[in-house]
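Down below is the structure, laid out as structure tokens.
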Amino acid sequence: MSLLLVGLSHRSAPVSLLERASLAADTQAKLLQDTLAAEPAAEAAVLATCNRIELYADVDKFHAGVAELSTLLAQHSGVGLDELTPYLYVHYEDRAVHHLFSVACGLDSMVVGEGQILGQIKDALALGQELHTAGRLLNDLFQQALRVGKRAHSETGIDRAGQSLVTFGLEQLADGPDTAAWAKGKRALVIGAGSMSSLAAATLARAGVAEIAVANRTRARADRLVEILNQPGGTGVRARAVEMAEVTGELTRADIAVSCTGATGLVLTAETVAGALGLDHVPDPASGLIPAQSTGPERLALLDLAMPRDIDAAAGRLDGVRLVDIESLAEASADAPMAADVDQVRTIVADEVAAFGAAQRAAHITPTVVALRTMAAGVVADEIARLDGRLPGLDEKQRAEITQTVRRVVDKLLHAPTVRVKQLASEPGGAGYADALRELFDLDPQTVAAVSRADLNDPNRGRS
């Protein structure tokens with residue numbers, strides 16, 4: 001079996017297409033189940049964020065796997081295969097490992113070095129484990145990706161190369177890195193209470209906003225976020241939870257609104273924003289009567305971190321409104337400077353890819369080595385039993401000494417070949433050594449498979 005990745009991201013596809021192709025949580029689960037049901041795939045995991053959708057699978061046929069995974073992505077994203085295909089990228093074996101490790105380190109993020117991707121990789125692994133679609137290969141791969149990402153952030157200054165998407169978005173709204181001076185004393189509305197919205201609320205609180213209203217479809221989650229923001233000894237921000245039905249009214253009081261929900265439709269239409277600002281109508285940019293972006297005094301700053309978008313793009317053309325969304329963030333980050341630490345992270349990734357490949361190749365031969373030693377132990381047991389029949393007068397001490405001697409001889413004969421074959425198997429191109437070992441010693445394939453299954457079913461394996 002071999003690792004295959006088919007996906008698309010902000011680097012390969014326009015944000016407008018990513019927005020249409022985004023996968024809801026229940027759709028991700030169905031995609032995994034359907035991938036596992038497909039003939040070429042034995043394992044599957046999906047990494048779906050606001051700027052990437054990647055399907056990982058352990059397949060036995062490359063071309064059939066690419067075709068099947070591409071078709072499944074098209075079916076579940078709702079974007080036609082013909083339209084989707086030009087934007088898909090395919091990585092296989094070590095290149096797929098290299099890609100995921102680079103993603104985990106933040107090298108492939110819209111904002112280089114951001115650490116939120118580690119949580120998203122952990123969620124992808126947890127979903128695969130929950131649905132039992134992630135087996136030995138993908139468990140090992142995603143667990144190692146998390147370790148590599150943490151290593152990159154702890155051993156290098158990659159964090160200085162970029163910020164979180166929230167911080168970067170707020171800097172775009174503030175026209176510079178001094179978000180504290182821009183946000184101080186303002187009133188903020190945060191729509192959503194998930195990880196990204198919670199980060200936005202915390203970032204705004206640290207920046208010095210005076211008040212934060214939190215709206216979420218599930219009121220209990222909004223209450224919990226407000227409780228955290230209002231903790232004694234915190235930033236001193238006044239936080240309160242409101243119902244989603246109150247968002248329009250809250251918008252009339254807000255200076256800043258951040259939205260990141262899992263909604264499939266718009267949370268804030270241009271008409272809603274216009275009404276909150278007391279504007280009579282939503283201008284039509286096609287008429288040529290208004291600029292593509294408002295140039296008047298800023299009355300409301302909008303940050304849309306959702307994919308698909310929560311806030312109507314037309315709201316950014318309203319007088320007094322400034323809108324930053326995923327699309328504009330992608331454009332702004334294209335020219336962001338790269339830190340010198342990026343090269344160090346790339347070296348870490350290359351080393352870790354090589355180590356992972358060696359470990360996987362070595363693990364591939366381990367069941368065969370175990371089966372060989374099991375067979376040898378069986379031969380020893382049979383010969384000792386035969387000796388007992390021929391020399392029934394042996395006492396226990398003599399029998400134990402003979403048994404130990406035979407075992408030592410077998411162990412010494414097997415030691416050098418098994419150690420050497422593990423070393424050879426861990427090198428590139430070493431996959432054939434397991435087959436050679438099975439052939440040379442006439443090992444039962446069922447015995448080897450049983451060892452592999454026992455390892456795979458180990459309850460301590462593959463838990464994050």
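Output the number of residues of segment 33-59 satisfying the condition of being open to solvent by 20 Å² or more (accessible area, probe 1.4 Å), among the small types (Gly, Ala, Ser) and within 19 Å of the chain's Cα centre (by Cα). Matching residues across segment 33-59 total 1.
Considered as a group, the residues in segment 90-117 that are under 18 Å from Phe356 (Cβ atoms) and assigned to a loop (DSSP other than H, G, I, E, B) include one that is least open to solvent (accessible area, probe 1.4 Å), and that residue is Cys105.
A residue that is without any contact (Cβ under 8 Å) to a residue 12 or more places away in the chain, out of contact with any strand residue (DSSP E or B) (no Cβ under 9 Å at 6 or more places or on another chain), within 29 Å of Gln28 (Cβ to Cβ) and surrounded by fewer than 20 Cβ atoms within 10 Å (Cβ to Cβ) can be found somewhere in segment 125-138.
With respect to Val46, is the statement that it is within 23 Å of Met196 (Cβ to Cβ), out of contact with any Phe, Trp or Tyr (no Cβ under 6 Å at 6 or more places or on another chain) and modelled with pLDDT of 95 or more true? Yes: the conditions hold for Val46.
Scanning segment 75-84 for residues that are under 23 Å from Leu305 (Cα atoms), open to solvent by less than 50 Å² (accessible area, probe 1.4 Å) and not in a helix (DSSP H, G or I) yields a single hit, Val79. Of the residues screened, Glu383 is one that is touching a residue at least 12 places away in the same chain (Cβ under 8 Å), acidic (Asp, Glu) and either closer than 28 Å to Ile365 by Cβ or surrounded by fewer than 14 Cβ atoms within 10 Å (Cβ to Cβ) (or both).
Taking the numbered list (1) open to solvent by 30 Å² or more (accessible area, probe 1.4 Å); (2) without any contact (Cβ under 8 Å) to a residue 40 or more places away in the chain in turn, Tyr87 passes all entries but (2). In segment 348-361, the residues that are β-branched (Val, Ile, Thr) form Cβ pairs under 8 Å with partners that are open to solvent by 50 Å² or more (accessible area, probe 1.4 Å), at six or more places apart or across chains, as follows: Ile348/Arg151; Ile348/Glu155; Val349/His98; Val353/Asp94; Val353/His98. Every test in (1) loosely packed, with under 14 Cβ neighbours inside 10 Å; (2) free of Cβ contacts under 8 Å to residues at least 60 places away in the same chain is passed by Arg253 save one, and that test is (2).
When residues in segment 166-192 are screened for being touching a helix residue (DSSP H, G or I) at 6+ places or on another chain (Cβ under 8 Å) and open to solvent by less than 10 Å² (accessible area, probe 1.4 Å), 9 of them pass. Quick check, is Asp159 under 23 Å from Val111 (Cβ atoms), acidic (Asp, Glu), part of a helix (DSSP H, G or I) and touching a helix residue (DSSP H, G or I) at 6+ places or on another chain (Cβ under 8 Å)? Spelling it out, Asp159 is indeed under 23 Å from Val111 (Cβ atoms), acidic (Asp, Glu), part of a helix (DSSP H, G or I) and touching a helix residue (DSSP H, G or I) at 6+ places or on another chain (Cβ under 8 Å).
Which one of these is within 30 Å of the chain's Cα centre (by Cα) and in contact (Cβ under 8 Å) with a residue 40 or more places away in the chain: Gly176, Gly192? Result of the check over Gly176, Gly192: Gly192. When we screen Gly378, Gly357, Gly393 for residues that are outside any helix (DSSP H, G or I) and open to solvent by less than 80 Å² (accessible area, probe 1.4 Å), the only hit is Gly393. Scanning segment 1-27 for residues that are in contact with a Leu (Cβ under 8 Å, 6 or more places away or on another chain) and open to solvent by less than 30 Å² (accessible area, probe 1.4 Å) yields Leu3, Leu4, Leu5, Val6, Gly7, Leu8, Ser9, Leu17, Leu18, Ala21, Leu23. Checking each residue in segment 48-74 for being in contact (Cβ under 8 Å) with a residue 12 or more places away in the chain, in a helix (DSSP H, G or I) and within 19 Å of Thr133 (Cβ to Cβ) picks out Ala64, Gly65, Val66, Glu68, Leu69, Ser70, Leu72, Leu73. If you check Val214 against the conditions, is it open to solvent by less than 20 Å² (accessible area, probe 1.4 Å) and at pLDDT 95 or above? Against the criterion (open to solvent by less than 20 Å² (accessible area, probe 1.4 Å) and at pLDDT 95 or above), Val214 qualifies.
The values are calculated or read from the model by the stated rules, or taken from the named source; none is laboratory data. None of the values given here were measured: they were computed from a predicted structure. Because the Cβ atoms are built from the backbone with ideal geometry, glycine has one as well, and the counts that use them run over all protein chains shown. Accessible surface is based on the protein model in full, side chains and every heavy atom, while ligands, DNA and RNA are left aside. Shrake-Rupley method; radii C 1.70, N 1.55, O 1.52, S 1.80 Å.
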